[in-house]
1. Given segment 68-182 reduced to its alpha-carbon atoms as identical point scatterers, what log10 I(q)/I(0) does the Debye formula return at q = 0.09, 0.11, 0.14, 0.23 Å⁻¹?
2. Between ALA148 and PHE82, what FRET efficiency comes out of the Förster formula 1/(1 + (r/R0)^6) with R0 = 35 Å and r the beta carbon distance, rounded to 0.05?
3. Past the 28 Å Cα-Cα mark, which pairs from LYS138/LYS166; LYS84/LYS112; LYS84/LYS104; LYS84/LYS166?
4. PRE reach from GLU119 (point 7 Å along Cα→Cβ): which of segment 168-183 fall under 15 Å by backbone N?
5. Sort segment 85-132 into rounded, prolate or oblate with this rule: let a ≥ b ≥ c be the square roots of the eigenvalues of the Cα gyration tensor; rounded if a/c is under 1.5, and if a/c is not under 1.5, prolate when a/b is larger than b/c, oblate otherwise.
6. Through the Karplus equation 6.51 cos²θ - 1.76 cosθ + 1.60, θ set to phi - 60°, convert the phi angles of segment 82-90 into ³J(HN,Hα) values in whole Hz; use x for Gly and Pro.
7. Applying the Karplus parametrisation 6.51 cos²θ - 1.76 cosθ + 1.60 with θ = phi - 60° to the phi angles of segment 112-119, what ³J(HN,Hα) value in whole Hz is obtained for each residue in order, glycine and proline being reported as x?
8. Taking the highest mean first, how do the peptides 110-123, 160-173, 92-105, 142-155 order by number of other beta carbon atoms within 10 angstrom per residue?
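No lab work stands behind these numbers, since they all come straight from the coordinates. Note that the structure is predicted; figures quoted are calculated from it, not measured. Neighbour counts are summed over all protein chains in view; Cβ atoms, including those assigned to glycine, are modelled from backbone coordinates with ideal geometry.
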Amino acid sequence: MKSIVLSGVVAALLVFTGCSKDPAVDQKADAAQDVAQEQAAQEVAPVATETVSTEDSVVNSDSNSMSMSDVESQLPTIYFGFDKFSIDPEMQEKIDMAVALGNKEAASYSVKLEGNCDEWGSDEYNFALGLKRANSVKKAMVAQGVDASRIAMVSYGESNPVCTDKTQECWAKNRRVDFKLLP
């Protein structure tokens, strides 16, 4: 009984002694910020507009260059074995093809590597495995001269399947890394 009364008194003291003062406001900083905003508003120059015809608005006027979606459709998908993130020699050839394509037609784009898994394993495990798969492909690309700053990685784990049948062949299609181009 004594501990209940004592804890009640402590709780009451905490409630009554909480925030008894008004918080201090730095009015000098607020005034300086207001002056800076007014000066910035006065320094804004009017914007000139120009009408552009559709012929002039084409980004790549070079007839040999391909659009981003055309290049992306030629990029391969890299497949992995069950519970694996190492690259097989057959998949290394596909990475070589992607690097060649990326250094020519897609040289002005960044690449996003999307790691995916089948439905086996926990969500956490599959997200980690998808990231390991994407990282394996990134290391293979960097080893062939692709700038690492052009490559981003993401793992979708098991949340982005291309096949939903409950078969070995279907699960094998979901153990992959896809290439996506970013502007």
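1. At q = 0.09, 0.11, 0.14, 0.23 Å⁻¹ the computed log10 ratios are -0.22, -0.32, -0.52, -1.27.
2. 0.75
3. Long pairs (Cα-Cα over 28 Å): LYS138/LYS166; LYS84/LYS104.
4. Answer for segment 168-183: 168-175.
5. oblate
6. Here the 3J(HN,Hα) series is 4, 6, 10, 9, 8, 9, 6, x, 5 Hz.
7. For segment 112-119, the Karplus curve yields 10, 9, 9, x, 9, 9, 7, 7 Hz.
8. Ranking the peptides 110-123, 160-173, 92-105, 142-155 by packing returns 110-123, 92-105, 142-155, 160-173.
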